[in-house]
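The values are calculated or read from the model by the stated rules, or taken from the named source; none is laboratory data. All figures in this text were calculated on a predicted structure; none of them were measured in a lab. Here the Cβ positions follow ideal geometry from the backbone for every residue, glycine too, while neighbour counts run over all protein chains shown.
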Amino acid sequence: MSLVLVMGLATAVLIAVFAYHQESTLRRTLGRGLLAEARAPGATAIFPGTEWWWVDRGGVFRPRNGRPNAPDEALVRLAREARSLGKPLLRPGGLTEPIRFAAPMGGDGAMAVARLPAEVSASLRAIPLMVVATLAFGNLAIFSAFGALLLRRRVVRPLQLLAEGARNITVGGRGLRVEAVGPTETKALAEAFNEMTDALEGRTEALTKAVVDLREANTELREARVELDRAERLAAVGTLAAGVAHEVGNPMGALLTFIELAAREPDGEIAQTHLTRARGEGERVRRILRQLLDFSRPPRVVAADLELGPVVEDARELALAQGKGRGVRVEVREAPNLPMVRGDEGIIMQILLNLLLNALDAVVEGSADQQPSLLVETRPCVLHRRPGDESITAALRSVPDGVACIVADNGGGVPEDLAEKVFDPFFTTKDPGEGTGLGLANAARLAQELGGNLALVEPPDGYCTAFALRLPAVREATETGTRR
């Protein structure tokens, strides 16, 4: 269509040029003939039916041959214009209008005026214009058809092949090549397309291989992470067992003593008191062993709604059931009306126990001029405070949607240059052989799996180090009573 439009414009210009040339030629040729006829009154008329008049200086028209019709207004104006200019004038008019002619005759102001029949105008101008238009439109049809055929074979078809090849690539075709046909530029484009296809196939193969390797590496990493988690738990169990083994001896000795006293006491009421106290010591031993056993089992994430206070208390008792926990002041603060949290009790227990054991190590190794102190504080917190998160409104970011458990100690603290490394795997500030460097890294990962986080935060007044475990809170939904 573009080619036809261009050829049509060119043909229109050509017709206009031919029409202008034909009009100019008609004016020159016909004007000379009519001027010669005007100067020879007795000569035979060039075109039969031509009407001639003489016009005197006063503008009076007198028939020159036969009985012509009265002159029209256009002829009168032409005679005046020719007299004022002093030269012959020819006005062809339209295709259906008569041709008018006026020429001065001598120096006395006389004019010869003629009007040719309308049929003469049509025969002199329409037929040549029709021939020119026929040739022009024939030229338009021939060149448009030839140009369209040539353009399709040399340009459009090669581009269609390229487009088809590109579509085949998008649907995952391999080994595709495009035939290099057409002019030099189109062939170069096809060759470049084939080179691009080869490079793309090579990169696709490399990417596929990389994806396979990455999947294998991820599988190995998951397996290694499970093993590291197990190793960390076993290391923690070993640490706990070393302290618990000594601590269990005290209630076991008390239990045996109460049993012996009960056996010696003849008074049944006093013996019953001794047995009751012995049972309490036995329950204490069983609770410690049960906590240690539960902690040593592999974790199975079972999310449930639970209260954080009892879990904190169990972790505190288990951590303090060691010899190094003696003399350490532990302060527990719990905000009123805490919502329940969503998580796994065993995993939360593992994270808190790790934080408490680290805090005990820190205060035991701290300076001797102050009493070793730990703080375990639970309070509401804002969990989903994410700058730039358009899914959470500014008002919602200020509403507590989590519960934070802060474990703080007054030990030596964490240097500023090491604050960003405390959660890195295998990073530890303990002496060689005393720590694996996996405790905090594993605890942070487990916190994320529960939908929360673990972070090093600003410690409260009087303390040097503080870690905050944030967990999602369970909120009462609406009138239906469901939770979310």
Handout entry: Test: residue in region 327-338 that is at pLDDT below 70 and farther than 26 Å from PRO400 by Cα
Key = no
Problem - Residue check, SER144 in contact (Cβ under 8 Å) with a residue 24 or more places away in the chain, of a type in the set (Ser, Thr, Tyr) and closer than 30 Å to LEU26 by Cα - result: no
Exercise for the section: Consider VAL13 carefully, then state whether it is surrounded by fewer than 17 Cβ atoms within 10 Å (Cβ to Cβ) and within 30 Å of PHE146 (Cβ to Cβ). Expected result: yes
Exercise for the section: Being at pLDDT 80 or above, in a loop (DSSP other than H, G, I, E, B) and out of contact with any helix residue (DSSP H, G or I) (no Cβ under 9 Å at 6 or more places or on another chain) narrows it down to one of GLY481, GLY437, GLY462, so name that one. Expected result: GLY462
Practice task
Scan region 79-100 for residues that are within 14 Å of PHE61 (Cβ to Cβ) and in contact with a strand residue (DSSP E or B) (Cβ under 7 Å, 6 or more places away or on another chain) and report the count.
Solution key: 4
Exercise for the section: Can you confirm whether region 57-66 contains a residue that is among the β-branched types (Val, Ile, Thr) and either closer than 21 Å to LEU116 by Cβ or in contact (Cβ under 8 Å) with a residue 24 or more places away in the chain (or both)? Expected result: no
Practice task
Could you list, in sequence order, all residues of region 19-41 that are without any contact (Cβ under 8 Å) to a residue 24 or more places away in the chain and assigned to a helix (DSSP H, G or I)?
Solution key: TYR20, HIS21, SER24, THR25, ARG28, THR29, ARG32, GLY33, ALA36
Problem - Residue, surrounded by the fewest Cβ atoms within 10 Å (Cβ to Cβ), within region 120-136, restricted to residues that are under 14 Å from PRO92 (Cβ atoms) and touching a residue at least 60 places away in the same chain (Cβ under 8 Å) - result: LEU129
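Kindly indicate which of ARG222, ARG167, ARG230, ARG177 is charged (D, E, K, R) and modelled with pLDDT of 75 or more.
Numbers: ARG167 fails: modelled with pLDDT of 75 or more; ARG230 fails: modelled with pLDDT of 75 or more; ARG177 fails: modelled with pLDDT of 75 or more.
That would be ARG222, the only listed residue that is charged (D, E, K, R) and modelled with pLDDT of 75 or more.
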Handout entry: Residue check for ARG77: assigned by TED's automatic domain parsing to the domain that holds PRO128, surrounded by fewer than 16 Cβ atoms within 10 Å (Cβ to Cβ) and part of a strand (DSSP E or B)
Key = no
